[in-house]
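These notes are about the structure you will find just below.
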Protein chains: 2
Amino acid sequence: MTEEIQPLIGQDLRIIQRPGQYRFGLEALLLAAMVRRKPEGKAADLGSGDGVIPLLLAYRKVREVTGYELQEDLVNMARRSAELNGLQDRVHFFQQDIRRIPQEVAADGFAVVTANPPFFRPGEGRISSNQSLALARHELACTLDDFTRAAAHLLRAGGDFFIAYRPERLVDLMLKCREAGLEPRILQPVQSRRGQEISMVLLGCRRGARPGLTCHSPLIIYEGEEYSPAMAAIYRGEDLL
Amino acid sequence: MTEEIQPLIGQDLRIIQRPGQYRFGLEALLLAAMVRRKPEGKAADLGSGDGVIPLLLAYRKVREVTGYELQEDLVNMARRSAELNGLQDRVHFFQQDIRRIPQEVAADGFAVVTANPPFFRPGEGRISSNQSLALARHELACTLDDFTRAAAHLLRAGGDFFIAYRPERLVDLMLKCREAGLEPRILQPVQSRRGQEISMVLLGCRRGARPGLTCHSPLIIYEGEEYSPAMAAIYRGEDLL
């Protein structure tokens, strides 16, 4: 299968991609930028795909990152991306169904878990004929519930969960997070352009925290033909404001 | 007790207020402006206070509006405001604990219910020594649960519920609405100034609807020293954009 190497964060990182196949999106960059404070401990990414979020987290601040991904070929590709950046000692990828993460893996507790789950239910929109894309976009293997449960399973008390989702299902998202013991603490709406409807939500939850949500001003992606200053900063590897 | 008459919607409406006592706030104007389509049927306002929301709804589009309020003196004041505007045949106020609205009142079903409930729990912030203000701000009599249950009790299937709340408790709000069978359909965040944290949320729910939330761009109240164009339009009696 054709592969190409794409630069990330200027030229600081490089990632292997497959044109026309699964490619990372904006959500991944935004999720990594949500991890503001440098966590004291390990991070995990659920459904890590090509490995973009673990690579970004390792580059940014986290000493040890694990990516769990169902698709074997994506796991292999992500491993090669880690090696390409000399990050193979700090970033590990495992072929793993997130519904069956063994108890001993979760035993010592992760400080941060990230997830960019499929946004759509099987009945919603066209399912890609490309299996890799289909699994990334539609809840064919894992549902939202599976992601929140896996996150709660991995996180230590007080650990942070960051998830990207679509606003249409924000009620489900908040409910499932709370049900799993992950209390929503930060809501970061995203809009393509100022004044438009919210097109994506980023939710930051804390395991075992008390209720109390801070709702930030929307992050705007484009201003005119350019990225907004906030989005340009994220592309440079800076924190989300 | 000293009273004064305050103009509403330019000079089209007038409302009796008590300086230093309970006064309507911005939430009331925004809630009334959330009722975009002209409802085919009656509207009710839960915890109607000085009667501002029922008066605005009657002025705007609704033929028959009922306000339920626990405090007898506010009910009397609101009735006099309705008479002042010649609206006493279309706007009715009742002294009523919303937890005990009789079955026969709800029997023929309201098309719209609005609520601007107390935002704070008893443990949060200072409770006013003025009883009227204390009841409006703190959950001393009725909780969020009581408001969502009363709304579901009054609304016909497909009827709309509009509520103003604080973003810190957005998770509770969405959860309680869904639990009551009022599915959140529209989230309208409000910010004092562009780029600031969201200071208030307006939620539009529909009884018995399928899940699916549209999240609008925040309504901005101030630009510089002036009201924003959107807020100025609401003060003129126009719909929320």
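The values are calculated or read from the model by the stated rules, or taken from the named source; none is laboratory data. Only a predicted model underlies this, so the values are computations on that prediction, with no experimental measurement involved. Glycine gets a Cβ as well: all are built from the backbone with ideal geometry, and neighbour counts include every protein chain shown. Ligands, DNA and RNA are excluded from the accessible area calculation, which covers all protein heavy atoms including side chains. Shrake-Rupley method; radii C 1.70, N 1.55, O 1.52, S 1.80 Å.
Report those helices (runs of 4 or more DSSP H) wholly inside the stretch B:49-113 carrying at least 2 residues which are touching an Asp or Glu at 6+ places or on another chain (Cβ under 9 Å). Spell out how you get there, then give the answer.
On the way: elements: B:52-60, B:72-84, B:103-106.
Qualifying helices (runs of 4 or more DSSP H): B:52-60, B:72-84.
In the stretch B:161-186, of all residues being part of a strand (DSSP E or B), more than 9 Å from chain A (Cβ to nearest Cβ) and out of contact with any Phe, Trp or Tyr (no Cβ under 6 Å at 6 or more places or on another chain), the one that is farthest from A:Leu213 (Cα to Cα) corresponds to B:Phe161.
I'd like the full set of residues that are more than 18 Å from B:Asn85 (Cβ to Cβ) and open to solvent by less than 40 Å² (accessible area, probe 1.4 Å), limited to the stretch B:23-32. Spell out the reasoning first.
Keep residues of the stretch B:23-32 that are more than 18 Å from B:Asn85 (Cβ to Cβ), which gives B:25-27, B:30-31.
B:Gly25, B:Leu30, B:Leu31 - these are the residues of the stretch B:23-32 that are more than 18 Å from B:Asn85 (Cβ to Cβ) and open to solvent by less than 40 Å² (accessible area, probe 1.4 Å).
Whenever a residue of the stretch B:176-198 is closer than 15 Å to B:Asp160 by Cα and open to solvent by 30 Å² or more (accessible area, probe 1.4 Å), its partners that are among the hydroxyl-bearing types (Ser, Thr, Tyr) and outside any helix (DSSP H, G or I), lying with C-beta atoms within less than 6 angstrom and at least six residues away or across chains, give the pairs B:Ile186/B:Thr214. The residues on offer are B:Arg121, B:Arg169, and the sole one that is among the basic types (Lys, Arg), modelled with pLDDT of 95 or more and over 16 Å from the mean Cα position of the chain (by Cα) is B:Arg169.
Of the residues A:Gln95, A:Gln88, A:Gln103, only one is touching a helix residue (DSSP H, G or I) at 6+ places or on another chain (Cβ under 6 Å), open to solvent by 10 Å² or more (accessible area, probe 1.4 Å) and free of Cβ contacts under 8 Å to residues at least 12 places away in the same chain; which?
Details: A:Gln95 fails: free of Cβ contacts under 8 Å to residues at least 12 places away in the same chain; A:Gln103 fails: touching a helix residue (DSSP H, G or I) at 6+ places or on another chain (Cβ under 6 Å).
Step by step, each of A:Gln95, A:Gln88, A:Gln103 is checked, and only A:Gln88 is touching a helix residue (DSSP H, G or I) at 6+ places or on another chain (Cβ under 6 Å), open to solvent by 10 Å² or more (accessible area, probe 1.4 Å) and free of Cβ contacts under 8 Å to residues at least 12 places away in the same chain.
Do we have any residue at all in the stretch A:159-170 that's hydroxyl-bearing (Ser, Thr, Tyr), touching a residue at least 40 places away in the same chain (Cβ under 8 Å) and open to solvent by less than 20 Å² (accessible area, probe 1.4 Å)? For the stretch A:159-170, residues hydroxyl-bearing (Ser, Thr, Tyr), touching a residue at least 40 places away in the same chain (Cβ under 8 Å) and open to solvent by less than 20 Å² (accessible area, probe 1.4 Å): present.
For the stretch B:199-212, how many residues meet the condition of being within 22 Å of A:Arg166 (Cβ to Cβ) and more than 9 Å from chain A (Cβ to nearest Cβ)? Step through it out loud before you land on a result.
Applying the first criterion (within 22 Å of A:Arg166 (Cβ to Cβ)) to the stretch B:199-212 yields B:201-206, B:209-212.
Of the ones still in play, those that are also more than 9 Å from chain A (Cβ to nearest Cβ) are B:202-206, B:209-210.
Final tally of qualifying residues: 7.
When the stretch B:112-151 is filtered for residues that are open to solvent by less than 70 Å² (accessible area, probe 1.4 Å) and more than 21 Å from B:Tyr165 (Cα to Cα), only B:Asn130 remains. Look at (1) within 14 Å of chain A (Cβ to nearest Cβ); (2) in a loop (DSSP other than H, G, I, E, B) and you find that B:Leu140 fails only one, number (1). Tell me which residues, restricted to the stretch A:223-239, are within 14 Å of another protein chain (Cβ to nearest Cβ) and either touching a strand residue (DSSP E or B) at 6+ places or on another chain (Cβ under 6 Å) or outside any helix (DSSP H, G or I) (or both). A:Glu223, A:Ser228, A:Ala230 - these are the residues of the stretch A:223-239 that are within 14 Å of another protein chain (Cβ to nearest Cβ) and either touching a strand residue (DSSP E or B) at 6+ places or on another chain (Cβ under 6 Å) or outside any helix (DSSP H, G or I) (or both). B:Arg206 falls short on exactly one of the conditions (1) in contact with a Gly (Cβ under 7 Å, 6 or more places away or on another chain); (2) not in a strand (DSSP E or B), and that condition is (2). When A:Pro122, A:Pro189, A:Pro117 are screened for being closer than 16 Å to A:Leu30 by Cα, more than 14 Å from chain B (Cβ to nearest Cβ) and not hydroxyl-bearing (Ser, Thr, Tyr), only A:Pro117 passes. Only residues that are without any contact (Cβ under 8 Å) to a residue 60 or more places away in the chain and either farther than 25 Å from A:Arg18 by Cα or in contact with a Gly (Cβ under 8 Å, 6 or more places away or on another chain) (or both) were counted across the stretch A:122-136, and they come to 2. For the criterion of being touching a residue at least 12 places away in the same chain (Cβ under 8 Å), surrounded by fewer than 21 Cβ atoms within 10 Å (Cβ to Cβ) and farther than 19 Å from B:Pro117 by Cα, B:Gly212 passes. Evaluation of B:Arg156 against the conditions (1) surrounded by fewer than 19 Cβ atoms within 10 Å (Cβ to Cβ); (2) assigned to a helix (DSSP H, G or I); (3) in contact with a Lys or Arg (Cβ under 9 Å, 6 or more places away or on another chain) shows that the sole unmet condition is (2). Quick one: A:Tyr22 ticks every box in (1) touching a residue at least 60 places away in the same chain (Cβ under 8 Å); (2) in a helix (DSSP H, G or I); (3) closer than 19 Å to A:Ala164 by Cα bar one, so which box is it? Here A:Tyr22 clears every test but (2).
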